[in-house]
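Remarks on the structure that follows.
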Amino acid sequence: MHYYQVRDIADTLKDSFNYLGAHGKHLLGIWGLFAAPLILLHHFLLSKLPLEEIMQQFESEELLLGLGGLDAIDSMMGPMYPLVIISAILSQATSIVIVLEHIKCTKDAIPMNPEDIPSLFPKILGFSVLYFSVTIILGLSMLFFFFPFLFMGTKLAVSFQSYIIGEKSLVESLVHSWNITTYQAWPTFGLLIILLLLIVMISSLIQIPAEFIRIGLEKVSWMTSDVGEFISTLVSGLFNVLTALTTIVFQTVLSFHFFNLSARYSSDISTTNTH
C-alpha cells in the first residue's frame, strides 16, 4: 500500500516509475502478447488506405464545391475505412485496459496472468465505447478552439481510471472524473503537460532511428516488390508498437494521480459531511 497514498505531483511521478520498475517487466509481457499484435494489425490496415490520394482529394476543387468530393473519398476508401477505425479503437482499448487492470490487480495484491485476459473481453468492448465517447467529446471541444479542448481534457483526464479501477459505469466514470478534478484542475493540467512532453521526447527518440531505417530501405531496389513493401510496413509497424509503449507510462502516471484525486475527494466529502 506504500504506492497508493495521497501525494503531490512530483511524488506521483516518482511512485509511478517505482511501480514500473517493480512490475513493468510483467506488465510488458502481458501487453506484448495481446495489445501489441492489435496495434500491428491496425498499422497494416492503415497502410492499405490510399492516404496520398485521399489528401489530394481533400485539396481538390471538387471537394470544395460540394458533396461530390465526399462521395469520391468514400468510394476511394471503400470498406477498409471502418475496419481501420474499429481496429484503432480496439487496439487502444485493449492496450489501456491491460495497463489499468494490471495496476488494479497489483493494488489489490491479486496476480494477473495472461490466461486472465480473455475474461476481460466484455470490459474491453465496454471500454471501447468510453474511449470513442471521450475521443468524440475532445474532438468536438477542438471546434471551439484550443482552450475548451484543454479544459475538457483536464476534466476527463482520469475517466478511464474511473471506469476500470473505480469500477464505474460509462456515464459515472465521466462524472466521477469531472468531480474529482474540480479542485485539482491545475495540478492535473500540469501533470498532463509534463506527460505530453515526456511522450513527445520518447516518441521522437524512437521515430528518429525509424526514419533512418525507412530511408535506407528505400534505396534497396527489391523493396519496391510486394515482399519489400511487406517488410517495410512490418518494420514501421514494429516501431509504432514501440511508440505505443508510451501508453503504459501515460496511463500508469494517471492511475496514481487517480488514486490521489480519489483520496482527496473522499477526504473533502468526509470533512463537508462532518461540518
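The numbers here are math on the coordinates, done by the rules we state, and not lab data. Computed from a predicted model, the values in this text were never measured in an experiment. Because the Cβ atoms are built from the backbone with ideal geometry, glycine has one as well, and the counts that use them run over all protein chains shown.
Worth pointing out:
- Low-density loop cleavage sites - trypsin sites (Lys or Arg not before Pro) in segment 77-171, where at most 11 other Cβ are within 10 Å (DSSP): none
- Additional length obtainable on full extension of the chain from M80 to L198, 0.36 nm per residue less Cα span: 39.2 nm
- Relative packing of 35-46, 109-120, which averages over residues the other C-beta atoms within 10 Å, highest first: 35-46, 109-120
- For D8, net neighbour charge (Lys/Arg +1, Asp/Glu -1) across residues whose Cβ lies under 13 Å away: +1
- Low-density loop cleavage sites - GluC sites (Glu not before Pro) in segment 151-215, where at most 16 other Cβ are within 10 Å (DSSP): E167
- Cross-link pairs beyond the 30 Å C-alpha cut-off, checked among K123/K155; K48/K107; K25/K48; K14/K155; K14/K48; K14/K104: K48/K107; K25/K48; K14/K48
- Prolate/oblate/rounded label for segment 165-210 (Cα gyration tensor, a/c 1.5): oblate
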